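A.B. asks: The structure's right below; bear with me while I get my questions together.
The values are calculated or read from the model by the stated rules, or taken from the named source; none is laboratory data. Predicted model only: the values in this text are computed from it and were never measured. When we count neighbours, we look across all protein chains shown, and the Cβ atoms used for this are built from the backbone with ideal geometry, even at glycine. Ligands, DNA and RNA are excluded from the accessible area calculation, which covers all protein heavy atoms including side chains. Shrake-Rupley method; radii C 1.70, N 1.55, O 1.52, S 1.80 Å.
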Amino acid sequence: MRLILKVLLRIVVIAILITVIIFGIRWVQTNRYSEYIATDEESVYVEPANLALYETEQANMTVETIEEGYVNGFHLVPDEILAEGAIFTFGGSEGSPNYELAVQLANEGYEVYSLFFFGPGELPESIHEVPLDFYQEVLAYHEEHSQSDGPITVLGASKGAELTLNLATIYEEIDHIVLYAPSAYNFFSLDQQNADASSWSYQDEPLPHLSNQSGSMIETMQMIAGFITYTPVSYQPIYDSVIEGSEAESLEAARIKAEEFTGEGIIFAGGDDLMWNSSQMGEAIIEQANQIEIHNYPEAGHLFSNKRYLGDSAGLIALGGNDEANQAALEESHDILLENLANWHNK
């Protein structure tokens, strides 16, 4: 009996020591990366689906909030429209509608729809079998409310780029696409309750996707350890291992058929992307659709900003790059974007 009690006591002591060590490491890491942690409870970075948190009082434009079924976000109309058609912006897995870029484009004279593809309204709460059919309602809303006729450009970042490329293969109304840090494949859901489901569906059927079960258990355990110790987590090894562990038949089934898009497009990707290998996947996209041009920035990360990490109380995600390379990529890519948009929309 005494032996059993000694063993149990040692287990308890060890468990306490491990807990103390983990909390100590988290405290150190939290202070080290404090500038990257979103703490304002009323910030769109903390609650991106809360439309009321977005600044809709903008100079030189009118911003209308949209909350109609599958169509949720903002309609930005410049006081003086300088271009034909409309631009639609989507953010990524963080849940935003890429609103800051939408405001910049509206200031350039473009009519812009800054939209969510999950979160508010009747949209799914997470990226789990998001119905690509929602874009049909978006087009109907555009037809009724837009001030300018003309071409349509859809712009998406990260998971929103995966969405955008899918939409472009389905909806012939889309003339141009802009993909920031894209994927060449349909990946698994980002809903923790449905982790191995598809991210997308169309006409009530889930799209073929790469399964997270094909990935490396070692990489998964390293990711979990990173969250526990508040060490920056790179998702790229996870996605790479899923691709490498998938059969050729599964890869082809999950590949987004970029060749079915007949319009023009541009891709921006960073060679130091630590979220997923957008540079390599961007090259795979243009192999099938050579009317899309790619701009690779070898030292830039997933986002072209000074946010090399994104963090909250749950953990810290590494995005890659460095401040100088990300800033240079941001400025150059923005100039290229504006040049292409001016040509596409007859500005």
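A.B. asks: Which residues does the label zone of residue 140 cover in segment 70-97, counting backbone N under 12 Å from a point 7 Å along Cα→Cβ?
C.D. replies: Within reach of a label on residue 140, which here means backbone N under 12 Å from a point 7 Å along Cα→Cβ, segment 70-97 contributes 70-71.
A.B. asks: With the crude spin-label approximation of a point 7 Å out along Cα→Cβ, what separation in nm comes out for residue 195 versus residue 262?
C.D. replies: 4.3 nm
A.B. asks: While we're on this one: Sort 187-195, 174-182 by the packing proxy (mean of other Cβ within 10 Å over each peptide's residues), most packed first.
C.D. replies: Top of the packing list down: 174-182, 187-195.
A.B. asks: Please report the antiparallel percentage of the DSSP beta bridges confined to the chain, to the nearest 5.
C.D. replies: Of all bridge pairs located within the chain, approximately 40 percent are antiparallel.
A.B. asks: With contacts defined as alpha carbon pairs under 8 Å and 6 or more residues apart, what's the relative contact order of the chain in percent?
C.D. replies: Rounded, it is 14 percent for the chain.
A.B. asks: Sticking with this one: Read through the labelled values [x] 0.97; [y] 1.33; [z] 1.02 and report the label of the one computed as Rg/Rh (Cα atoms, Kirkwood Rh) from the structure.
C.D. replies: Checking each listed value against the structure points to [z].
A.B. asks: So how far apart, in nm, are the two label points at residue 80 and residue 228 if each is 7 Å from Cα heading toward Cβ?
C.D. replies: For residue 80 paired with residue 228, the spin-label model returns 6.1 nm.
A.B. asks: Quick check: the angle from helix 134-145's long axis to the longest principal axis of the chain, C-alpha only, nearest 10 degrees?
C.D. replies: Roughly 40 degrees, rounded to the nearest 10.
A.B. asks: Sticking with this structure for a sec: In a Debye calculation with equal point scatterers on the alpha-carbon sites of segment 86-162 and no solvent, what is log10 I(q)/I(0) at q = 0.20, 0.26 Å⁻¹?
C.D. replies: For segment 86-162, the Cα-only Debye profile gives -0.89, -1.35.
A.B. asks: Additional query: Give the dimensionless ratio obtained when the Cα radius of gyration of segment 132-253 is divided by 2.2 N^0.38 Å.
C.D. replies: Normalised Rg, Cα atoms only: 1.26.
A.B. asks: Highest first, please rank the peptides 71-78, 116-123 by the mean number of other Cβ atoms sitting within 10 Å of their residues.
C.D. replies: Going by the mean number of other Cβ atoms within 10 Å, highest first, we get 71-78, 116-123.
A.B. asks: Of the beta bridges DSSP finds with both residues in segment 199-347, what % are antiparallel, to the nearest 5?
C.D. replies: So the antiparallel bridges in segment 199-347 amount to around 40 percent.
A.B. asks: Provide the gained length on full extension for the span residue 64 to residue 312, in nm with one decimal, where the gain is 0.36 nm per separating residue minus the Cα-Cα distance.
C.D. replies: 86.3 nm
A.B. asks: Go through segment 223-286 and name the GluC sites (Glu not before Pro) that are in a DSSP coil and have 13 or fewer other Cβ atoms within 10 Å of their Cβ.
C.D. replies: Answer in residue order: 247.
A.B. asks: Which whole-angstrom value gives the distance between the alpha carbon centres of segment 232-263 and segment 75-123?
C.D. replies: When both Cα centres are located, 27 Å separates them.
A.B. asks: Give a quick list of GluC sites (Glu not before Pro) in segment 299-347 that DSSP marks as loop, anything other than H, G, I, E or B, with at most 16 other Cβ atoms within 10 Å.
C.D. replies: On the way: sites: 299, 324, 331, 332, 339; in loops: 299.
Here the GluC sites (Glu not before Pro) that fit, given the DSSP loop and packing criteria, are 299.
A.B. asks: Want the number for residue 205 to residue 288: 0.36 nm per residue separation, take away the alpha-carbon distance, what's left? Numbers along the way, then the final one.
C.D. replies: Details: separation 83, 0.36 × 83 = 29.88 nm, distance 2.45 nm.
Length gained between residue 205 and residue 288: 27.4 nm.
A.B. asks: A follow-up question, please. Give me the dipole magnitude in Debye, nearest 20, for segment 235-347 about the Cα centre, with unit charges on the beta carbon: positive for Lys and Arg, negative for Asp and Glu.
C.D. replies: Result for segment 235-347 is approximately 340 debye, rounded to the nearest 20.
A.B. asks: Taking the 0 to 90 degree range and rounding to the nearest ten, how far is the long axis of helix 217-229 tilted relative to the main principal axis of the chain, both from C-alpha atoms?
C.D. replies: Between helix and principal axis, roughly 80 degrees.
A.B. asks: What full-extension length gain, to one decimal in nm, is calculated for residue 221 and residue 296 as 0.36 nm per residue of separation minus the Cα-Cα distance?
C.D. replies: Gain on stretching residue 221 to residue 296: 23.9 nm.
A.B. asks: How large is the helix-only mean residue ellipticity at 222 nm for the chain, computed as the sum of -39500 (n - 2.57) over DSSP H runs with n ≥ 4, divided by its residue count, in deg cm²/dmol to the nearest 500?
C.D. replies: -11500 deg cm²/dmol
A.B. asks: Can you return the aspartates and glutamates within cross-link range of residue 307? Criterion is Cα-Cα under 17 Å, with same-chain partners fewer than 8 residues away left out.
C.D. replies: 35, 40, 94, 100, 272, 273, 299, 323, 324, 331
A.B. asks: With a 1.4 Å probe and every protein chain left in place, work out the accessible area per residue of the chain in Å², rounded to a whole number.
C.D. replies: Heavy-atom SASA per residue in the chain reads 49 Å².
A.B. asks: Further question: Using only Cα atoms, find the angle between the long axis of helix 2-32 and the longest principal axis of the chain, and express it within 0 to 90 degrees, rounded to the nearest 10.
C.D. replies: For helix 2-32, the angle is close to 30 degrees.
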